[in-house]
Amino acid sequence: MAVSPLAGKPAPRELLIDVSKLIDQYYSLHPDPNNPVERVQFGTSGHRGSSANTSFNEDHILATTQAIVEYRTSQGIDGPLYLGMDSHALSGPAQQSALEVLAAHGVEVIMAQDNGFTPTPVISHAILTYNKGRTSGLADGIVVTPSHNPPSDGGFKYNPPNGGPADVDITNWVQDRANALLREKLNGVKRVSYDTAFKASTT
């Protein structure tokens, strides 16, 4: 395999992203649920996209988190939810949006201290460790990461109580419900302010 000429060097200016603009677009742009590119689309366990092309915005995360809450309720999953994020620019805003919905539903959420970053395997390990020997009150998790995608992308993945990536039956259900909420202009999404969510006794 050839070594990139950029290896070990600062990224050239033309490859840098405008983080402030990207975060502004996360909140200011709203997806068109009639446009397939702008719907929630789960690939390998998660939804990925960029706020710059309206494929990963606040509306997507609010709707997807609401769908995850409804799914876990339908399955009797009522233990803690481990919520982790990586260092992509959109991960912080997406984690905040998710927490607003989770706290509004009284879900017990466990996150890294001081909004720290969490490697994806840590979430899986935490779920498996908590659930070992349990048959009820099981934990699950959300990982806010687009994995290896470019810096401009965001990603949002659900891990059920088995600790691994959600299978297609789960992701299809969550995706379909999230897109229905987008079509309903988020009517049915329950949320509180981030300050309230962060200070909640369940967080």
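The values are calculated or read from the model by the stated rules, or taken from the named source; none is laboratory data. If you're wondering where the values come from, they're calculated on a predicted model, not measured in any experiment. FYI the Cβ positions are ideal-geometry reconstructions off the backbone, even for glycines, and counts take in every protein chain you see. We work out accessible area using only protein heavy atoms, side chains counted, and drop any ligands, DNA or RNA first. Shrake-Rupley method; radii C 1.70, N 1.55, O 1.52, S 1.80 Å.
Residues Leu62, Leu90: which one is among the hydrophobic types (A, V, I, L, M, F, W, C), touching a Phe, Trp or Tyr at 6+ places or on another chain (Cβ under 9 Å) and within 20 Å of Ile23 (Cα to Cα)?
Details: Leu62 fails: touching a Phe, Trp or Tyr at 6+ places or on another chain (Cβ under 9 Å).
Only one candidate passes the filter, namely Leu90.
Every residue in segment 43-71 that is of a type outside the set (A, V, I, L, M, F, W, C) and either more than 20 Å from Asn159 (Cβ to Cβ) or at pLDDT below 95 (or both), please.
Step one: list which residues in segment 43-71 are of a type outside the set (A, V, I, L, M, F, W, C), which gives 43-51, 53-55, 57-60, 64-66, 70-71.
Answer for segment 43-71, where residues must be of a type outside the set (A, V, I, L, M, F, W, C) and either more than 20 Å from Asn159 (Cβ to Cβ) or at pLDDT below 95 (or both): Gly43, Thr44, Ser45, Gly46, Ser50, Ser51, Asn53, Thr54, Ser55, Asn57, Glu58, Asp59.
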Open to solvent by 40 Å² or more (accessible area, probe 1.4 Å), modelled with pLDDT under 95 and either of a type in the set (Asp, Glu) or on the phi > 0 side of the Ramachandran plot (or both) - does that describe any residue in segment 146-158? yes
Go through segment 126-160 and give me each residue that's over 16 Å from the mean Cα position of the chain (by Cα) and polar (S, T, N, Q). Thr129, Asn131, Thr135, Ser136
Pick from Thr135, Thr118: which is within 29 Å of Asn53 (Cα to Cα), open to solvent by 10 Å² or more (accessible area, probe 1.4 Å) and in a loop (DSSP other than H, G, I, E, B)? Thr118
Output the residues belonging to segment 47-58 that are within 12 Å of the chain's Cα centre (by Cα), crowded, with 24+ Cβ neighbours inside 10 Å and not in a strand (DSSP E or B). Phe56, Asn57
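Among Thr64, Thr44, which is hydroxyl-bearing (Ser, Thr, Tyr), open to solvent by 20 Å² or more (accessible area, probe 1.4 Å) and either part of a helix (DSSP H, G or I) or within 17 Å of Asp167 (Cβ to Cβ) (or both)? Step through it out loud before you land on a result.
On the way: Thr64 fails: open to solvent by 20 Å² or more (accessible area, probe 1.4 Å).
Testing whether each residue is hydroxyl-bearing (Ser, Thr, Tyr), open to solvent by 20 Å² or more (accessible area, probe 1.4 Å) and either part of a helix (DSSP H, G or I) or within 17 Å of Asp167 (Cβ to Cβ) (or both) leaves just Thr44.
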From Ser51, Ser4, residue being free of Cβ contacts under 8 Å to residues at least 40 places away in the same chain and over 23 Å from Ile127 (Cβ atoms): Ser4
Out of (1) under 24 Å from Asn187 (Cα atoms); (2) part of a helix (DSSP H, G or I), the one His125 does not meet is (1)
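From the residues in segment 138-164 that are assigned to a loop (DSSP other than H, G, I, E, B) and of a type in the set (A, V, I, L, M), which one is nearest to Thr65 (Cα to Cα)? Lay out the reasoning, then the answer.
The first filter runs over segment 138-164 and keeps only residues assigned to a loop (DSSP other than H, G, I, E, B), leaving 138-139, 145-152, 160-164.
Still in the list and also of a type in the set (A, V, I, L, M): 138-139.
Working: Leu138: 18, Ala139: 16 Å.
In this case the residue turns out to be Ala139.
For residues that are charged (D, E, K, R) and more than 30 Å from Asp169 (Cα to Cα), scanning just segment 19-41, find the one that is most open to solvent (accessible area, probe 1.4 Å).
Within segment 19-41, the first condition is being charged (D, E, K, R), and the residues that meet it are 21, 24, 32, 38-39.
If we keep only those that are more than 30 Å from Asp169 (Cα to Cα) too, we end up with 21, 24.
Details: Lys21: 115, Asp24: 95 Å².
Top of the filtered list is Lys21.
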If a residue must be among the hydrophobic types (A, V, I, L, M, F, W, C), in contact (Cβ under 8 Å) with a residue 24 or more places away in the chain, at negative phi and open to solvent by less than 50 Å² (accessible area, probe 1.4 Å), how many such residues does segment 159-191 contain? 7
Working only within segment 88-115, note down all residues that are of a type in the set (S, T, N, Q), open to solvent by 20 Å² or more (accessible area, probe 1.4 Å) and at pLDDT 95 or above. Gln96
